[in-house]
Amino acid sequence: MQTTNHILMIRPVDFKFNEQTAGNNKFQVASTAHDVQAQALKEFDDFVKLLKQNDIDVTVVDDTLTPETPDSIFPNNWVSFHEDGSVYLYPMFSENRRQERRKEIIDGLKNKFEVNHVSDLSFYEMQHAFLEGTGSMVLDRVNKVAYACLSVRTDQEVLDNFCMLTGYEALSFQAVDDQNFPIYHTNVMMCVGDQFAVVCLESIRYEEERMAVTMRLNSTGKEIIDISLDQMNHFAGNMLQVTNLSGEDLLIMSEQAYLSLHDNQISNLEQYCRIVQAPLYTIEKNGGGSARCMLAEIHLPEK
């Protein structure tokens, strides 16, 4: 299945602008507000409430004050969960993000889900090579394709190792923003659903790589919904399709992302999913990530 109705989210206790990540995440902007944590917490809690109202099973785990992990609200970067019961842990670029990997979170999920194997790729950090989970990779879980724009946070060797272990095909490419700066995570410029893909083709630097991505999406039966660089900058690529407990297909995104879309793009998406949007402006501004980054999909078998 491409989608799941089980989501893991981490409730922040000390969310703030992370200086260790800002150098290569151009979506981050330091806020002058004094109550960033309080604002982010309200956005988080309202988002969780909205997801639960839409019949999505959300497991919320509270972050801890120590160690200091200002980006813990984005768990999809350090862990991914798969339908065969495997769990993958990932090498993280920023030292303070490496502390987000918490064994007790995975142990807690074992009460409800089958965990058969944990593969820890974090040893690559010693080689200064990184792959930040489903931020670095956008997974077509049905067709076993891992789309990845290469950056300082997404290393080809680690990507190839993940694909070797999981049976995925790596489709890597270069993607840049409107200032020709490498895009730090694939999931801000691309979302793959079960029958569609939202992608900023304009950001893919080389024509042959743009063609390769387009052809692979077409060959797997996806309708391509192309977004502009400006829409990408408003997090329109940072979406996640889920299936709720009633079997309804939903597309989760931020309010900012939704408001950037054109009517025809919304109509195309609504052929496949009902759109659920949440205001996440504080989190987006300070963290440089949006709705999809906050959601770690749990594809593990239920007990």
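Details
- If you take the Cα centroid of the range 30-90 and the Cα centroid of the range 92-108, the two points sit 12 Å apart.
- The mean accessible area for residues of the chain, using a 1.4 Å probe and ignoring ligands and nucleic acids, is 40 Å² per residue.
- Averaging the sequence gap over all C-alpha pairs within less than 8 Å and six or more residues apart, then dividing by the number of residues, gives the range 133-254 a relative contact order of 22 percent.
- Within a straight-line Cα-Cα reach of under 12 Å, K222 can be paired with the following aspartates and glutamates, leaving aside sequence neighbours fewer than 8 residues apart in one chain: D140, D194.
- Loop trypsin sites (Lys or Arg not before Pro), the range 169-249, which have at most 13 other Cβ atoms in a 10 Å radius of their Cβ (DSSP): none
- Theoretical FRET efficiency, 1/(1+(r/R0)^6), r = Cβ-Cβ of D55 and H262, R0 25 Å, to 0.05: 0.30
- By a 1.4 Å probe calculation restricted to protein chains, L240 has an accessible surface near 10 Å², given to the nearest 10.
- Amide proton proximity set for R11, modelled H, under 5 Å, gap of 5+: V61, D62, D63
- Above-threshold pairs, the threshold being 30 Å between Cα atoms, out of K112/K285; K49/K285; K49/K103; K144/K303; K42/K112: K112/K285
- Residue order for H234, H6, H262, H128 - accessible surface, 1.4 angstrom probe, largest first: H128, H262, H234, H6
- Two-site FRET efficiency, T66 against R205, from Cβ-Cβ distance with R₀ of 41 Å, rounded to 0.05: 0.50
- Cα gyration tensor category, rounded, prolate or oblate, for the range 170-260 with a/c compared to 1.5: oblate
- Radius of gyration, Dmax [the chain; alpha carbons; angstrom]: 17.5, 49
- Using a probe of 1.4 Å on the protein chains alone, the accessible area found for I275 is around 30 Å².
- DSSP-assigned coil residues among trypsin sites (Lys or Arg not before Pro) in the range 67-134, each with at most 12 further Cβ atoms within 10 Å: K110
- Solvent-accessible surface (1.4 Å probe) assigned to L245 amounts to roughly 100 Å².
- Across the chain, Cα pairs under 8 Å and at least six residues apart give a relative contact order of 25 percent.
- Efficiency of FRET between Q179 and K303 - r from beta-carbon atoms, R0 41 angstrom, step 0.05: 0.25
- Distant-in-sequence amide H partners of F130 (H built 1.01 Å from N, under 5 Å): D155
- Gyration tensor verdict on the range 35-129 (Cα atoms; rounded if a/c is under 1.5, prolate if a/b is larger than b/c, oblate otherwise): oblate
- Stretching the chain fully between D120 and E270 yields a gain of 50.2 nm (0.36 nm per residue, less the alpha carbon separation).
- Near A291, the amide H atoms lying under 5 Å from its own belong to S254; only residues 5 or more places off or on other chains count, and H is placed 1.01 Å from N.
- The chain: calculated mean residue ellipticity at 222 nm from DSSP helix runs of at least 4, using -39500 (n - 2.57): -7500 deg cm²/dmol
- Of all accessible heavy-atom area on the chain, the percent that carbon and sulfur account for (1.4 Å): 49 percent
The values are calculated or read from the model by the stated rules, or taken from the named source; none is laboratory data. Note that the coordinates shown come from a computational prediction; the quantities given were computed from them, not determined experimentally. Cβ atoms come from the backbone with ideal geometry, glycine included; neighbour counts cover every protein chain shown. The accessibility values were calculated without ligands, DNA or RNA, using every heavy atom of the protein model including side chains. Shrake-Rupley method; radii C 1.70, N 1.55, O 1.52, S 1.80 Å.
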